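Reading through the structure tokens given below for one structure.
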Amino acid sequence: MPRPSLSKPNVNGYPFRIGRARTGMGLFATEVIPKHVRIFEYTGNIITNAEADAIPGKPRYLYNLSRTHTLDGSPRSNIGRYANHSCKPNAIIYVYGQRIYVKSLREIQPGEEITYDYGKEYFDAFIGKENCLCPKCTARRAKG
């Protein structure tokens, strides 16, 4: 039985693939992605902040939309959950209404991992300076 392809284009047609990265699974460009274009939408279920607070453990795919609502991006159908954190990202996340998008900050080359900064609150809660595996932090630690 053939293995299903993990390559998927987004709504704008910029293709990427899910693959092994330093930190688990990652999202990689399969063609050049131009600077300042929407790459994909971070999708999921919109829930109240009270519902988000009631989720057991430390849920990792929540994105705060407003004072009252959160987007739960945990479904595997959410391609955005595979984009990893970087302290020197090549993309940025932005909210438009109750939708979350990721846009390229610069031209992204084929094979390059698509990354964005998860933000201070997430970074402090889940990653931390000594555990960050992004190229910027690993180079800083290597210099001593």
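Throughout, read-outs are computed from the coordinates displayed, never taken from laboratory work. Everything numeric in this text was worked out from a predicted model, so none of it was measured. All Cβ positions, glycine included, derive from the backbone under ideal geometry; neighbour counts span all protein chains shown.
Across the chain, the relative contact order, built from alpha-carbon pairs under 8 Å that are at least six residues apart, equals 26 percent. Legend: calculated FRET efficiency, residue 32 to residue 123, from the Cβ-Cβ distance at R0 = 35 Å, rounded to 0.05, equals 0.75.
Note that region 125-142 has calculated 3J(HN,Hα) couplings of 6, 10, 10, x, 4, 7, 10, 5, 9, 5, x, 4, 6, 5, 5, 4, 5, 5 Hz, one per residue in order, obtained from phi through the Karplus relation 6.51 cos²θ - 1.76 cosθ + 1.60 (θ = phi - 60°); glycine and proline are x.
By the helix-only formula, in which each DSSP H run with n ≥ 4 contributes -39500 (n - 2.57) and the sum is divided by residues, the chain has a 222 nm mean residue ellipticity of -2500 deg cm²/dmol.
A full extension of the chain between residue 131 and residue 109 corresponds to an added length of 5.3 nm, given 0.36 nm per residue minus the alpha carbon distance. Reducing region 60-99 and region 112-144 to their Cα centroids gives an inter-centroid distance of 17 Å.
Springs join every pair of Cα atoms under 10 Å in this Gaussian network model of the chain, and among 16, 126, 28 the largest mean-square fluctuation is at 126.
Hull volume per residue, based on the alpha-carbon atoms of region 90-144 and their convex hull, is 109 Å³. Once you sort the root eigenvalues of the Cα gyration tensor of region 7-143 as a ≥ b ≥ c, which label holds: rounded (a/c under 1.5), prolate (a/b larger than b/c) or oblate (the other case)? Oblate is the answer for region 7-143, as a/c is 1.5 or above yet b/c matches or exceeds a/b.
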